[in-house]
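Asker: I am attaching a structure below and will ask some questions about it afterwards.
The values are calculated or read from the model by the stated rules, or taken from the named source; none is laboratory data. The structure presented is a predicted model; accordingly, all values stated were derived computationally and were not measured. So basically every Cβ, Gly included, is an ideal-geometry build from the backbone, and we count neighbours across all protein chains shown. All accessible areas refer to the heavy atoms of the entire protein, side chains included, with ligands and DNA or RNA removed. Shrake-Rupley method; radii C 1.70, N 1.55, O 1.52, S 1.80 Å.
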Amino acid sequence: MRLEIAAAAMSSCLGPLITACAAFRAGLSRAGSSREFRYFPEGDNAPVPLVTCAIPEVTFGFSAAGRLAAILHETLMDFQGRVALRELGADTPLFLVLPDALAREFPMRAELREDAARRRDVLGEFVLRQTFDNLGMTWRGGWRFFTGGHVAFARALQAAREVLTARKVGACLVVAVDSLLSPPTLRQLALSRRLKTEDHPVGFIPGEAGVALLLRPATGRPDASAPSAVILQDVCVLESPEPERADGRDLAACVERVLPPGTPASEEPLLVSDHNGEQRRALEWGSLLQRLRMERPEWRLERSWFPALGFGETGVVSGALGVCVTLRGLQRGYARSRSGVVLSSEDRQAPRAAILLSSSKKEGRS
């Protein structure tokens, strides 16, 4: 089933949805020295501030689950500027994508360390209840939680498509929230040398963000006088038989699976990647381009977008940010394409994912 993105919202270091996507298009960044964390460069006994992409003021002083609740609150405040949450009834479930609390070094009870499902539900329920208490309302539509890495958001979109295709509900609110900026998380990332620093340039700048998407079944032909609708055409999540494989073949397979049969060879989509500066992702991205050039020689592959350049590494929200920047690019016409494919890869695991978005607009602006 084709789904329309009826509304979208964001909280990020670059601001809410419209402001942030405009800033990203302009190549702006708000990366700066962290006020909450310092690291020790190799061979140096003096700590120095770490460069991060933090949401201004909103999350300062918060950590762990409390930080996620602060981000979600800000995200839903942006969403309320488009759709009143109270108007979404019991037939609108909320699918919330969260990081694994264990992977983020959140404090937790001992028994939760061995129970991933219970750990997910405890974190999700705390974040949602705290957020809606702060909003002064109760969510009536029920909820479902997803945790994991970069591919978790694509799995939530698949689940939303399934319930909408079955006509069980009239709409779905899919939300993702993550932060890599809690001090325990940053300590663990610094020790594993995954962060981009002056003494270690191969790595990522940690960030945080939240995204909310309201999905409804796409009905009828779009009104030519109305703003161009952006459609979620397809989602592919592909498991690899070789978890450590990073030669681009799995991402290439995801791209081929989401493209509609009979797509003209010359109709090239915009590619939006979760490449964040790490060596493994760079290798996979380069290999993907090589494979696509072999399989589709008509594609020029000259323009790709990397949200991590503006927002930093945002974990489970990376795919959702990719959807947002693609959404605005298609709506405003500067994507220079009628479609976009958002690509996601796990860090050291098998799954790869692709999300295909399309617009009824035929021409883009420079």
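Asker: Which percent of the accessible area of the chain is formed by carbon and sulfur heavy atoms (probe 1.4 angstrom)?
Answerer: Numbers: 7940 of 16240 Å².
The C+S portion of the solvent-accessible surface of the chain is 49 percent.
Asker: State, to one decimal in nm, how far the label point of Trp143 lies from the label point of Ala26, with both points 7 Å from Cα in the Cβ direction.
Answerer: Computed distance between label sites Trp143 and Ala26 equals 3.5 nm.
Asker: Additional query: Around Ala252, what is the net charge, scoring Lys/Arg as +1 and Asp/Glu as -1 over all other residues with Cβ under 13 Å from its Cβ?
Answerer: Here the count lands on +2.
Asker: OK, next. Which value in nm describes the separation of the simple spin-label points at Glu162 and Ala103, placed 7 Å from the Cα toward the beta carbon?
Answerer: It works out to 2.0 nm between the two label points.
Asker: List the relative contact order of the chain as a percent without decimals, with contacts defined as Cα pairs under 8 Å and 6+ residues apart. Display every interim value, and only then the final one.
Answerer: Working: 778 pairs, mean separation 83.2, N = 366.
The value is 23 percent.
Asker: What does the accessible area per residue of the chain come to in Å², with a 1.4 Å probe and no ligands, DNA or RNA counted?
Answerer: Solvent-accessible surface per residue comes out at 44 Å².
Asker: Suppose we keep just the DSSP beta bridges with both residues in the chain; what percent of those would be antiparallel, to 5?
Answerer: 70 percent
Asker: Estimate the FRET efficiency between Ser33 and His200 by the formula 1/(1 + (r/R0)^6), using the beta-carbon distance for r and 22 Å for R0, to the nearest 0.05.
Answerer: 0.85
Asker: Residue by residue through segment 257-262, what is 3J(HN,Hα) from phi via Karplus (6.51 cos²θ - 1.76 cosθ + 1.60, θ = phi - 60°)? Round to whole Hz and write x for glycine and proline.
Answerer: 6, 8, 5, x, x, x
Asker: Tell me which residues come under 5 Å, amide H to amide H, from Phe204 once H is placed; ignore anything under 5 positions away on its chain.
Answerer: Result for Phe204 returns Leu195, Lys196.
Asker: Determine the dipole magnitude for segment 281-359: charges of +1 sit on the beta-carbon of Lys and Arg, -1 on that of Asp and Glu, nothing else is charged, the reference point is the Cα centre, and the result goes in debye to the nearest 20.
Answerer: 320 debye
Asker: Please state the shape class of segment 1-150: rounded when a/c is under 1.5, otherwise prolate if a/b exceeds b/c and oblate if not, all from the C-alpha gyration tensor.
Answerer: Oblate shape, in that a/c is at least 1.5 and b/c is the bigger or equal ratio.
Asker: Please name which of Cys236, Ala190, Ser358 has its Cα lying farthest along the dipole of the chain towards the positive end, using unit charges on Cβ (Lys, Arg +1; Asp, Glu -1) and the Cα centre as origin.
Answerer: With unit charges placed on the Cβ atoms, the residue in question is Ser358.
Asker: Could you give the radius of gyration (one decimal) and Dmax (whole number) of the Cα atoms in the chain, in Å?
Answerer: 19.8, 65
Asker: What order do Asp274, Asp115 take when sorted by accessible area (1.4 Å probe), most exposed first?
Answerer: From most accessible down to least: Asp115, Asp274.
Asker: Go through Ala90, Cys21, Leu68 and say which Cα lies farthest out towards the positive end of the charge dipole of segment 1-95; charges sit on Cβ, +1 for Lys and Arg, -1 for Asp and Glu.
Answerer: Value: Cys21.
Asker: Let me ask something else about it. Name the long-range amide H neighbours of Phe146: under 5 Å, sequence gap of 5 or more, or other chain; modelled H, no Pro or chain starts.
Answerer: Placed amide hydrogens put Leu96, Val97, Leu98 under 5 Å from Phe146.
Asker: Longest exposed-loop-site-free stretch of the chain, with GluC sites (Glu not before Pro), DSSP loop and at most 14 other Cβ within 10 Å? Could the numbers behind the result be given before it?
Answerer: Values: sites that count: Glu42, Glu57, Glu198, Glu239, Glu244, Glu267, Glu298, Glu302, Glu363.
Excluding the exposed sites themselves, the longest stretch runs over 58-197.
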